[in-house]
Structures are given as C-alpha cells and as structure tokens.
1. Suppose we filter Glu380, Glu358 for residues that are under 14 Å from Cys275 (Cβ atoms), in a helix (DSSP H, G or I) and among the acidic types (Asp, Glu); which single one remains?
2. Having 1 or more residues that are in contact (Cβ under 8 Å) with a residue 12 or more places away in the chain, surrounded by 22 or more Cβ atoms within 10 Å (Cβ to Cβ) and not assigned by TED's automatic domain parsing to the domain that holds Asp225 is the bar; report the helices (runs of 4 or more DSSP H) wholly within the stretch 95-171 that clear it.
3. Looking at the stretch 227-249 only, could you name the residues that are buried (at least 17 other Cβ atoms within 10 Å of the Cβ) and among the hydrophobic types (A, V, I, L, M, F, W, C)?
4. Inspect all residues belonging to the stretch 372-395 and state whether any of them is away from the ligand (no atom under 16 Å from the Cβ) and aromatic (Phe, Trp, Tyr).
5. Looking only at residues that are of a type in the set (D, E, K, R) and modelled with pLDDT of 90 or more in the stretch 57-88, which one is nearest to the ligand (Cβ to nearest atom)?
6. With respect to the numbered conditions (1) touching a strand residue (DSSP E or B) at 6+ places or on another chain (Cβ under 8 Å); (2) closer than 20 Å to Trp384 by Cα; (3) of a type in the set (A, V, I, L, M, F, W, C), which one is the sole condition not fulfilled by Ala262?
7. Residues in the stretch 297-314 that are crowded, with 16+ Cβ neighbours inside 10 Å and under 19 Å from the mean Cα position of the chain (by Cα): how many?
Amino acid sequence: MAYLPLLVDETGRMIIDVIRRFVDTEIMPIRDKVDGDVDHVLVNELLIKMSALGVFNVEIPEQGAESEGPSIATSCAIIEEFARGDAGIGIVAGISSWAMAGAVYGRNTDVVDLYHKMQEDKQPTFACFAMTEPASGCDVENLPEMHGRTIKTRAVRDGDEWVINGAKRFPSNSGISSLYCVVCQTDPEKGEDGIALIYVPEGTEGLSFGKYEVKAGLQADRNCDVFLDNVRVPLAYRAAGPGKDAIVIGRNISLGRVVSAAAAVGCAKAAFEECLKYTEERVVGGKPIREHSIAAGILADAIMGIDTARAYYLQVAYMLSNPEEFGEMHSTAMISHASSAKNYACNMANNTIGKLMELMGSYGYIRDFHVEKYWRDVKEIQLWLGGHQLGQFDIVRRYYPYKTT
Ligand SMILES: Cc1cc2nc3c(=O)[nH]c(=O)nc-3n(C[C@H](O)[C@H](O)[C@H](O)COP(=O)(O)OP(=O)(O)OC[C@H]3O[C@@H](n4cnc5c(N)ncnc54)[C@H](O)[C@@H]3O)c2cc1C
C-alpha cells in the first residue's frame with residue numbers, strides 16, 4: 001500500500017504489516033469456516049491469538065493518561081486489513097476501543113482503571129457500546145433533530161449510585177463483554193444534557209442478555225438484546241458528564257463511520273482479489289474471462305472504486321486526527337465527512353462486489369469461491385450506524401440544517 005506513508009507513520013506501518021501477515025496466514029485459510037462458526041470455537045481461537053499479538057484495546061491509555069495509541073488513519077488501515085479476511089473479526093478487534101472512548105475522552109480514571117484491571121484478570125477482554133434500542137435505532141444517532149429524547153433507557157441518581165432500567169438491541173460484543181457502555185437518558189426534557197453514558201460491568205445484578213441474533217454474515221461479532229433491570233453502578237461510572245456524554249456519541253458516530261468505510265474497502269478488496277484470480281483461470285468465449293474487454297472494464301471500475309474509497313477514508317481519518325485544523329470530531333462538518341466516507345465506501349463495495357460476482361457467473365454465489373461472504377458482510381456495514389439514509393442527512397447538514405420532521 002504505497003500511499004500509506006502519506007498518512008501513516010513508521011510504527012503504524014509496522015503494525016499494519018503484522019496484521020496483514022496474521023490475516024493472510026491465520027484468517028484467510030479458514031475464513032469460510034469462521035463464517036459458519038456458530039459456536040465460536042474457531043473465532044475464540046483466533047481472538048486468543050490476536051490478543052497475544054496485542055491488537056485489542058491499543059488506543060486505551062494506561063492509568064487514564066492521554067492516548068498514545070495509533071492514529072485514526074492507522075486504526076482504519078488495520079480494520080481494512082482485518083475485513084479483507086473477515087469483517088466480523090475486524091469489528092471485534094475495534095469495538096472495545098470504541099466502547100471505551102467515552103471514558104478516555106472524559107479522563108475517567110475510575111472506568112479506565114477498572115477496564116485495565118479486567119484486562120489483567122482475563123484475556124482477551126472486550127467492551128461493548130450499547131446505543132441502539134428496540135424502539136429507536138437511527139433516532140438515537142440523529143442528535144441534531146432528536147437530541148437524545150427518544151432514548152428510553154433511564155438512569156436515575158439514587159445517593160451515590162445510578163439506577164438504570166431499559167433495553168439495548170444489537171450492540172457488537174454483547175453477551176461476551178466485561179464492560180458495557182450504556183447510552184442512557186436521565187431526563188428527556190434536558191435533551192442532550194440529559195444523555196448519560198454509563199459503564200456497567202459484566203455480572204452486575206440486573207444485567208442480562210437475550211439470544212444471539214442469527215444474521216446473514218458477520219458471524220464473529222456477537223449481537224443480542226441487553227436488558228437492564230434496576231442495575232446499580234457508582235456515580236463515577238458515568239463517562240464524562242452532562243453535555244460531554246452527548247459529545248462522545250457524536251465523536252463515536254464520526255469514528256464509527258470512518259472505520260466502517262475502511263471495513264467496506266477491505267471487503268471489496270478481498271472480493272476483487274478472488275475475482276482477479278478466478279477470471280484469469282476460467283475460460284469463456286475462447287479466452288480467460290478477464291481478457292474480455294467487458295470484464296476488464298468491470299475490473300477497472302472495481303480498482304477505481306476501491307482506490308478512491310480508501311483515499312477518502314484516509315483523508316477523513318487524517319482530518320479527525322487534526323481537530324484544530326478541521327473541527328472537532330463531533331462537529332457537523334466532521335460527522336458529514338465521516339458519513340461521506342462510509343456512504344461512498346459502502347455503496348462502492350455493495351455495487352463492486354455484486355459486479356465481481358457477475359464476472360464469476362454462478363461460482364460467485366458459491367461459498368467455496370469466497371466472494372459472496374463479502375457481499376453479505378458489507379451489506380450490514382452499510383446498514384449500521386444510522387444506515388445510508390441518516391448518513392445522507394448528516395452529509396447535507398454540512399451545508400444547511402436539514403430536518404426530516
Ligand atoms: C452486526 C450489527 C452490529 C451492530 N453494532 C452496534 C453497536 O455496536 N452498538 C449499537 O448501539 N448498535 C449496533 N447495531 C445496531 C445498528 O447500528 C442499528 O440497527 C442501525 O443504526 C439502524 O437502526 P434500526 O435498525 O433501528 O433502524 P431504524 O431506526 O428503524 O431505521 C430504519 C430505516 O429508516 C430510515 N430512517 C431513519 N431515520 C429516518 C428519518 N429521520 N427520516 C426518514 N427515514 C429515516 C432509514 O432508511 C433507516 O435505515 C448493530 C447492528 C448489527 C446488525
């Protein structure tokens with residue numbers, strides 16, 4: 001990846017090389033089995049190996065200090081590499097840092113130290129960012145219009161504790177995490193000031209889980225309902241405080257969307273590589289498929305789409321790392337740029353993988369040929385974090401205060 005030196009430093013490139021080798025040797029040979037690994041036997045083996053590599057939670061600083069982890073561009077490039085092998089594994093690798101971002105932003109040493117202790121006690125350790133609710137998905141993320149008023153999960157202060165009641169749906173790493181960052185509302189009348197991100201440790205009385213969802217793909221990621229029934233945690237487990245917790249949601253939307261763009265690029269790249277090999281070997285009309293001009297045109301479009309989507313996610317990652325120049329991560333402008341990166345990359349990947357499958361005929365639809373998996377995985381990457389449509393609203397909001405209501 002010759003373009004990387006522009007935005008990724010020497011250390012970042014070394015990390016990416018290690019991940020690429022890991023993906024090529026450990027994930028690629030078993031990616032179809034990981035896809036069907038309902039009981040997570042292979043997934044767990046991979047996660048333990050990844051943990052030994054030190055790939056989890058790298059952005060979480062020691063003892064609440066400022067993060068010295070990789071840049072956002074490096075983190076994105078790492079996720080692209082993982083998604084080339086298996087996007088679900090990539091999600092598991094990235095979500096814990098995302099879930100801990102609120103505590104890091106709030107310099108909440110109680111929570112960061114608690115998580116470090118959990119990591120000492122158990123490896124690998126996971127965290128979960130639980131925002132989506134059964135009655136409200138996009139609306140929770142649509143802060144400019146809804147201001148967090150649709151969040152039904154309530155947090156009420158009782159002495160020196162929070163008491164939480166409510167339910168969350170679908171969050172990645174649910175059911176397997178040691179720590180849950182739960183997006184709550186203390187008082188809908190307060191709007192964004194009422195939003196509270198509160199960390200709940202696994203095993204807390206009143207915290208329980210539904211069954212794991214059966215999905216089209218992304219088998220390595222676990223998603224289930226999270227129930228909170230009179231859950232009590234210390235006041236100190238609130239991430240950052242009134243107003244700041246809503247900022248964390250905005251920051252996580254920007255971060256999540258740019259990382260999703262990288263994951264979509266990884267899926268498209270993997271499908272392209274498979275298709276390139278296949279169309280060299282398979283002969284139609286007297287010559288290999290890729291020697292036909294119509295096929296070369298489709299392959300050219302795939303290369304162009306992958307290259308441009310990558311260039312844009314790297315640019316946005318760079319912008320997010322330089323808020324003094326481009327604006328805060330949660331600003332309307334940066335959420336817009338991150339949404340452009342996600343929407344563009346997901347559209348590109350959905351369309352590109354579909355066209356690549358056409359070049360392979362029905363073999364493109366057969367599991368042994370390793371392309372349809374990426375087609376299934378990338379669809380969900382497009383659907384989560386507000387999906388394409390909320391992304392579109394957020395994109396235009398850089399230019400005018402668009403409202404859906
Ligand atoms: C594998 C997986 C991983 C996930 N990981 C996480 C996670 O880690 N944490 C988490 O909190 N959630 C997670 N989710 C949930 C996901 O982010 C949400 O499902 C998603 O944001 C959309 O919410 P929804 O499904 O409730 O759609 P809805 O809110 O019901 O929206 C449905 C559709 O309505 C349209 N729409 C939305 N808003 C408007 C509007 N204002 N005007 C007009 N049309 C609109 C859009 O087309 C949208 O796609 C995950 C889901 C999956 C399947």
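The values are calculated or read from the model by the stated rules, or taken from the named source; none is laboratory data. All of these numbers come straight from a predicted model, not from anything done at the bench. We place every Cβ from the backbone using ideal geometry, glycine too, and count neighbours over all the protein chains shown.
1. Selected residue: Glu358, the only one of Glu380, Glu358 that is under 14 Å from Cys275 (Cβ atoms), in a helix (DSSP H, G or I) and among the acidic types (Asp, Glu).
2. Details: elements: 109-121, 138-141, 143-146.
Of the helices (runs of 4 or more DSSP H) lying wholly inside the stretch 95-171, those with at least 1 residues that are in contact (Cβ under 8 Å) with a residue 12 or more places away in the chain, surrounded by 22 or more Cβ atoms within 10 Å (Cβ to Cβ) and not assigned by TED's automatic domain parsing to the domain that holds Asp225 span 109-121.
3. Leu228, Val231, Val233, Ala239, Ala240, Ala246, Ile247, Val248, Ile249
4. Keep residues of the stretch 372-395 that are away from the ligand (no atom under 16 Å from the Cβ), which gives 372.
In the following step, the residues that additionally are aromatic (Phe, Trp, Tyr) were identified as none.
No - not one qualifying residue is present in the stretch 372-395.
5. Narrowing the stretch 57-88 to residues of a type in the set (D, E, K, R): 59, 62, 66, 68, 80-81, 84, 86.
Those still in the list that are modelled with pLDDT of 90 or more too: 80-81, 84, 86.
On the way: Glu80: 18, Glu81: 20, Arg84: 18, Asp86: 13 Å.
If we take residues in the stretch 57-88 being of a type in the set (D, E, K, R) and modelled with pLDDT of 90 or more, then Asp86 is nearest to the ligand (Cβ to nearest atom).
6. Among (1) touching a strand residue (DSSP E or B) at 6+ places or on another chain (Cβ under 8 Å); (2) closer than 20 Å to Trp384 by Cα; (3) of a type in the set (A, V, I, L, M, F, W, C), Ala262 violates only (1).
7. The initial filter retains those residues of the stretch 297-314 that are crowded, with 16+ Cβ neighbours inside 10 Å, namely 298-299, 302, 305-306, 309-310, 312-314.
Right, trim to under 19 Å from the mean Cα position of the chain (by Cα) and you get 306, 309-310, 312-314.
Residues in the stretch 297-314 being crowded, with 16+ Cβ neighbours inside 10 Å and under 19 Å from the mean Cα position of the chain (by Cα): 6 in total.
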